[in-house]
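A.B. asks: Next up is a structure, given as structure tokens.
The values are calculated or read from the model by the stated rules, or taken from the named source; none is laboratory data. All of these numbers come straight from a predicted model, not from anything done at the bench. In this analysis, Cβ positions are derived from the backbone assuming ideal geometry, glycine residues included, and neighbour counts consider all displayed protein chains. These accessible areas exclude ligands, DNA and RNA; they are computed on the full protein's heavy atoms, side chains included. Shrake-Rupley method; radii C 1.70, N 1.55, O 1.52, S 1.80 Å.
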Amino acid sequence: PSARDAVKGSLSRLLAEADRDLKAQAGRTSALDKLRTEQQGRTPAKFAVIGLDGAELTSDELAGAVTVLHFWDYRDEPLKEPYGQVGYLEFLYGKHKDAGLKLYGVAVDTRFAKPNTARTAGVGVRKFKNFMNLSYPILFDAGDLIREFGDPRLQGGELPLFVVIGPDGKIAHYKVGHY
């Protein structure tokens, strides 16, 4: 084969790979849009979750106030984005908590499911909370709570996940990814 044939073959493979990637991205976006549509307006099922420093949240506490749930890793290592957004959430919480805003960070980590690894996961959350000087409570989730709110990772999405619950107890806003 000639050099021209080799270039055409390479270009053809590159275009085919780009086309597969575009279709996968479109499918992922479509799946996440569907998930958002399914979640918004829905009342979450009953749940209870605990966290750092005695933090606790039950589904019964959602009615009557605006509640923001920020699902993310909340780990001290590796420190990765959107820790800047976490700082902004702290700012919003400080500004609006006296008006009744409830804000919970939700540390999503499968290590919380096992007693022998839960402590290590909790230590990482505490270090991160101290590093960021966060005053809002952080809950521990081994995966059950995020599944209740629609885990975007099952559709190819990534954390963070922002869920805003209105005073009526229904999901008012559902955002996957960074703002």
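A.B. asks: Go through (1) loosely packed, with under 12 Cβ neighbours inside 10 Å; (2) free of Cβ contacts under 8 Å to residues at least 60 places away in the same chain; (3) not in a helix (DSSP H, G or I) for residue 45 and report which single condition fails.
C.D. replies: Unmet for residue 45, out of (1) loosely packed, with under 12 Cβ neighbours inside 10 Å; (2) free of Cβ contacts under 8 Å to residues at least 60 places away in the same chain; (3) not in a helix (DSSP H, G or I): (2).
A.B. asks: Quick check: anything in segment 166-179 within 17 Å of the chain's Cα centre (by Cα) and surrounded by fewer than 13 Cβ atoms within 10 Å (Cβ to Cβ)?
C.D. replies: Taking every residue of segment 166-179 in turn, at least one turns out to be within 17 Å of the chain's Cα centre (by Cα) and surrounded by fewer than 13 Cβ atoms within 10 Å (Cβ to Cβ).
A.B. asks: Return yes or no: is residue 113 open to solvent by less than 40 Å² (accessible area, probe 1.4 Å) and either farther than 19 Å from residue 179 by Cα or modelled with pLDDT under 95 (or both)?
C.D. replies: On the way: open to solvent by less than 40 Å² (accessible area, probe 1.4 Å): no; either farther than 19 Å from residue 179 by Cα or modelled with pLDDT under 95 (or both): yes.
Considered against the rule, which asks whether it is open to solvent by less than 40 Å² (accessible area, probe 1.4 Å) and either farther than 19 Å from residue 179 by Cα or modelled with pLDDT under 95 (or both), residue 113 comes out as no.
A.B. asks: Just checking, how many residues over segment 121-150 are open to solvent by less than 30 Å² (accessible area, probe 1.4 Å) and of a type in the set (Lys, Arg)?
C.D. replies: Counting residues in segment 121-150 that are open to solvent by less than 30 Å² (accessible area, probe 1.4 Å) and of a type in the set (Lys, Arg) gives 1.
A.B. asks: Scanning for something more than 22 Å from residue 35 (Cα to Cα), modelled with pLDDT of 95 or more, within 15 Å of the chain's Cα centre (by Cα) and open to solvent by less than 30 Å² (accessible area, probe 1.4 Å), does segment 151-163 turn up at least one residue? Before the answer, list the steps.
C.D. replies: Of segment 151-163, the ones more than 22 Å from residue 35 (Cα to Cα) are none.
Looking for residues that are more than 22 Å from residue 35 (Cα to Cα), modelled with pLDDT of 95 or more, within 15 Å of the chain's Cα centre (by Cα) and open to solvent by less than 30 Å² (accessible area, probe 1.4 Å), one finds none in segment 151-163, hence no.
A.B. asks: Only residues in segment 93-106 that are in a helix (DSSP H, G or I) count as the first member; pair them with residues that are open to solvent by less than 40 Å² (accessible area, probe 1.4 Å), Cβ under 7 angstrom, at least 6 apart or cross-chain, and list the lot.
C.D. replies: Listed pairs, sorted by first residue: 93/101; 93/103; 93/136.
A.B. asks: Take the residues of segment 60-89 that are within 18 Å of the chain's Cα centre (by Cα) and of a type in the set (Gly, Ala, Ser): which is surrounded by the most Cβ atoms within 10 Å (Cβ to Cβ)?
C.D. replies: The extreme case among them is 87.
A.B. asks: Which of the residues belonging to segment 136-179 are assigned to a loop (DSSP other than H, G, I, E, B) and of a type in the set (Asp, Glu)? Let's see the steps before the verdict.
C.D. replies: Filtering segment 136-179 for residues assigned to a loop (DSSP other than H, G, I, E, B) gives 136-137, 142-143, 149-151, 156-160, 166-170, 177-179.
Passing the criteria: 151, 158, 168.
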